[in-house]
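The values are calculated or read from the model by the stated rules, or taken from the named source; none is laboratory data. Treat the numbers as computed from the prediction; the structure is a model and nothing was measured. Cβ atoms come from the backbone with ideal geometry, glycine included; neighbour counts cover every protein chain shown. Just the protein is used for accessible areas: all its heavy atoms, side chains included, with ligands, DNA and RNA removed. Shrake-Rupley method; radii C 1.70, N 1.55, O 1.52, S 1.80 Å.
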Amino acid sequence: MSHTLSACPKCHSLNKVSAEEAQKKAPTCGKCGADLDMHGLVSSVNTDDFKRIIAKSDRPVVVDFWASWCGPCRMYGPEFEKASLRNTNTVFLKVNTETEQLLSQQLGIRGIPCTVVFNGGKETKRQAGAMLGNQLDQFLKS
């Protein structure tokens, strides 16, 4: 069964979320019952939750670094969400570079949107700029 990981915005516990269930209804935290901040199979995370998911994931983690004022980021967001539904063997996260500035600096994020892939807790590739769905799929396969 395919799944993704999401951190609860209320109690910050990590949740293993079934991809099938997440697509049928709004997922909730298994610990406190709060709604998980997910769009498609994409979870919005802060720095601490990002680090925990990267460290614990048994599958690739794809992260979209973005900002609300960025036009290309807003256009890329729906493409990223659609890709999460097509690639259920991967964990998809969004990190807001406005609220998580230190993490963005530590990772050397210089342009947004920026898509970064992590495997086994280590960065394996990155692409700056918005991608269309087919470009994102190719990026994930390469």
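With part of a helix (DSSP H, G or I), modelled with pLDDT under 95 and of a type in the set (D, E, K, R) as the only criterion, which of ASP137, ASP58 stands out?
ASP137
Within the range 100-115, can one find any residue that is closer than 16 Å to GLN138 by Cα, at pLDDT 95 or above and touching a Ser or Thr at 6+ places or on another chain (Cβ under 6 Å)?
Checked against the condition, which is being closer than 16 Å to GLN138 by Cα, at pLDDT 95 or above and touching a Ser or Thr at 6+ places or on another chain (Cβ under 6 Å), the range 100-115 yields no hits at all.
Would you call SER84 of a type in the set (Ser, Thr, Tyr), in contact with a strand residue (DSSP E or B) (Cβ under 7 Å, 6 or more places away or on another chain), more than 20 Å from HIS12 (Cα to Cα) and at pLDDT 95 or above?
Here the answer is no, as SER84 does not meet what is asked.
Using beta carbons and a limit of 7 Å, which pairs, at least six apart or on different chains, have the first residue in the range 14-36 and more than 22 Å from ALA83 (Cβ to Cβ) and the second one modelled with pLDDT under 85 and open to solvent by 20 Å² or more (accessible area, probe 1.4 Å)?
So the pair list comes out as ASP35/ALA26.
Scan the range 102-142 for residues that are farther than 11 Å from VAL63 by Cα, among the β-branched types (Val, Ile, Thr) and buried (at least 16 other Cβ atoms within 10 Å of the Cβ) and report the count.
Selection size over the range 102-142: 2.
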